[in-house]
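The values are calculated or read from the model by the stated rules, or taken from the named source; none is laboratory data. For clarity, every value in this text was computed on a predicted model and none was experimentally measured. All Cβ positions, even for glycine, are placed from backbone atoms using ideal geometry, and neighbour counts span all protein chains on display.
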2 protein chains.
Amino acid sequence: MLHTLIVALGERSYPIHIGEDVLTNAELLLPHIHGKKVVIVSNTTVAPLYIKKVKALLANSELAVVEVILPDGEQYKNMETLQTILTQMLESRCDRKTTVIALGGGVVGDITGFSAACYQRGVNFIQIPTTLLSQVDSSVGGKTGVNHPLGKNMIGAFYQPQVVLIDINTLDTLDDRQFSAGMSEVIKYGLLWDREFLDWLNDNMTALMARDKSLLIHAIHRSCEIKAEVVAEDEHESGVRALLNLGHTFGHAIETAMGYGVWLHGEAVATGMVMAAQLSQSMGWLSEEDVDYTRAIMKKANLPIEPPEEMTSVQFNEIMSVDKKVLDGVLRLILMKQLGKAAVTSDFDHQALQDLLSV
Amino acid sequence: MLHTLIVALGERSYPIHIGEDVLTNAELLLPHIHGKKVVIVSNTTVAPLYIKKVKALLANSELAVVEVILPDGEQYKNMETLQTILTQMLESRCDRKTTVIALGGGVVGDITGFSAACYQRGVNFIQIPTTLLSQVDSSVGGKTGVNHPLGKNMIGAFYQPQVVLIDINTLDTLDDRQFSAGMSEVIKYGLLWDREFLDWLNDNMTALMARDKSLLIHAIHRSCEIKAEVVAEDEHESGVRALLNLGHTFGHAIETAMGYGVWLHGEAVATGMVMAAQLSQSMGWLSEEDVDYTRAIMKKANLPIEPPEEMTSVQFNEIMSVDKKVLDGVLRLILMKQLGKAAVTSDFDHQALQDLLSV
């Protein structure tokens, strides 16, 4: 059963196809390829598992296929890897009609999308996300980019793909830790936007963690739908889109302080969401039960709920001061007015924040 | 006397102000700055001459000003310099409301624009071009980017400024060779689009080369007007905009082969335009007189009309094969149907091209 969702962005609108066996259906891919060259960017973990399937989809066409295989890990999402991709594209004589396919998780998607955005000032781009995290997060919204030693995702572009293909069967090979990290972002959509979906997740978490496919398709579809709804309202993050960063200011600080790749993004965000819930409680917006509910659903998904012991409040403050949501020197945080309803605010209790960071 | 031109690009439209004393009029700059931080990117040649003037315009505001001074030269228009700018912006805690000002020639404009395009996925950007070349070329059209060892401008973005300020007095300090290189692009607009303007340039070249200010203002205004007209029709270079690359395929090959910065861009393009005229003659489109006219106007502007002796046809072919105008493996060239009317074509006489490259 194939689910299709349209991300409505005017002339930059694109479809997301979600289902089993999406990667055996060439009709979903080929109409979106126009030139004579396709570059598949993947990594050393995903390529051995799925690149043959993607190449098989292209086999009956007259397309020349170039493969760029990156090392696996957030620590490679940097300008050097970007250079590697661009150099290989130039060496392969890629022109402006070339289509670039990202086959892998969020790191591959972000860096490949940014490569497509800046190669000859922009070529076509297709996403085939193979992790739960990338399926529900980086496949919607057009955020591409790389990390800088001084901050995550500080260099990049807003750049939309032609199509996103989500084959749920690729989750069969995802390890448990990565799967949990993806579930963190699924839970996020419930927490920030949709209490009903949050409760559905809470009720079905055991089956979801056992990777029940029809439940997973629903969870991914609803997550993409929520993100698409938010992004369509605010493509360049001047308003409501910032809500999608629930848990991310704290989470990015953890990732940056620990070194990229030590904590997984979803793990750091899970802890960040619990911290946001705690601060929301100190604002009187959430009850203690709400915070306990937040902790409990994270635990069901095998996610961490406490920041790393070795991290100091000095580190948190230092890294959070360059967060992209800082405007005119003022830190803005995403907190929860209630479960299922997040809000951006710079008007939080600063002492409560410092107390939270000092635990 | 202030000339103002609007580049019409819908919600990305912006004004270009041209005149004397533009850099003493804060009213032209301040309304385009919104955040509390301004980054001025310039180079070691231009900064000592003009950065104080720009800072004086900002002095009565509460803006914090960050200066990033680059080494001077096309050879620094690369990913390393981009990194330098982005790192300094991060170290200075620049946020998404930061405005980045490019103060200098085309290299400073291109790399600064690309930095603005990819810093936190895009911040505001203002151009203050100080060379004739950048005033008539890179200040209109939103092309930003850096070079790659395998090709010029291969990495970049289409990104529009908020405003462009052209102060004609900055040309007083431009050396003769750079001035000629800029005149090459002015002549280009006549050759590709406007026979009447071409003849006006031919008639007034002696006074223009003596830097008569009112004539220069007209030449710059008309050049920007032509470019704006072309760009408004075709922002992302899928059609008519390619005409602006008259002389550039040959010119880029010369620059790349000789090493960036050895031949100036305008010098290489001047020779490239003569080569395009010669090939147009072999197609029967231009007469021998037309080619002589093209050579003569370049000579009046002290521009080279022959490719470097040490360059081989093998080098030309190799470098031209990765030109951004190559589509599906087929080289397209900009040739002249007549003086003042260029056309893109892949249907040229390939033997004539090889003969031309082998001289």
Legend entry - Those residues of region A:101-124 which are within 14 Å of another protein chain (Cβ to nearest Cβ), closer than 19 Å to A:H34 by Cα and hydrophobic (A, V, I, L, M, F, W, C), in sequence order: A:A116, A:A117, A:C118, A:V123
Legend entry - Residue ranges of helices (runs of 4 or more DSSP H) in region B:187-273 with at least 2 members in the same structural domain as B:P149 (by TED's automatic domain parsing) and either modelled with pLDDT of 95 or more or hydroxyl-bearing (S, T, Y) (or both): none
Legend entry - Out of A:T144, A:T206, A:T173, sole residue that is crowded, with 24+ Cβ neighbours inside 10 Å and of a type outside the set (K, R): A:T144
Inset, instruction - For region B:96-126, name all the residues that are at pLDDT below 95 and in a helix (DSSP H, G or I). - result: B:G106, B:V107
Inset, instruction - Considering only region A:1-50, state which residues are among the basic types (K, R) and closer than 25 Å to A:R93 by Cα. - result: A:K36, A:K37
Legend entry - Subset of region A:27-75 [more than 18 Å from A:T98 (Cβ to Cβ), touching a residue at least 60 places away in the same chain (Cβ under 8 Å) and part of a loop (DSSP other than H, G, I, E, B)]: A:V46, A:G73
Inset, instruction - Could you please find all residues in region A:64-88 being within 11 Å of chain B (Cβ to nearest Cβ) and closer than 29 Å to A:N169 by Cβ? - result: A:A64, A:I85, A:Q88
Inset, instruction - Go through region A:1-24 and give me each residue that's assigned to a loop (DSSP other than H, G, I, E, B) and either out of contact with any strand residue (DSSP E or B) (no Cβ under 8 Å at 6 or more places or on another chain) or more than 19 Å from A:T170 (Cβ to Cβ) (or both). - result: A:A8, A:L9, A:S13
Inset, instruction - Go over the candidates B:G266, B:G261, B:G272 one by one and state the one that is buried (at least 24 other Cβ atoms within 10 Å of the Cβ) and over 14 Å from B:L333 (Cα atoms). - result: B:G266
Legend entry - Selection from region A:230-255 of residues that are crowded, with 21+ Cβ neighbours inside 10 Å and polar (S, T, N, Q): A:N245, A:T249
Legend entry - Selection within region A:24-42 - more than 14 Å from chain B (Cβ to nearest Cβ) and touching a Lys or Arg at 6+ places or on another chain (Cβ under 8 Å): A:T24, A:I40
Inset, instruction - Scan B:A301, B:A270 and give me the residue that is in contact (Cβ under 8 Å) with a residue 60 or more places away in the chain, under 28 Å from B:T131 (Cα atoms) and in contact with a Pro (Cβ under 9 Å, 6 or more places away or on another chain). - result: B:A270
Legend entry - Some residue of region B:58-68 being acidic (D, E) and at pLDDT below 95: yes
Inset, instruction - Please enumerate the residues belonging to region B:130-186 that are within 14 Å of chain A (Cβ to nearest Cβ), among the small types (G, A, S) and within 10 Å of the chain's Cα centre (by Cα). - result: B:S138, B:G141
Inset, instruction - Report yes if some residue within region B:136-153 is in the same structural domain as B:V230 (by TED's automatic domain parsing), among the small types (G, A, S), outside any loop (DSSP other than H, G, I, E, B) and under 29 Å from B:R295 (Cα atoms); otherwise report no. - result: no
Inset, instruction - Count, please, the residues in region A:318-353 that happen to be modelled with pLDDT of 90 or more, surrounded by 14 or more Cβ atoms within 10 Å (Cβ to Cβ) and part of a helix (DSSP H, G or I). - result: 2
Inset, instruction - Quick one: count up the residues across region B:97-122 that are without any contact (Cβ under 8 Å) to a residue 40 or more places away in the chain and within 19 Å of A:M154 (Cα to Cα). - result: 5
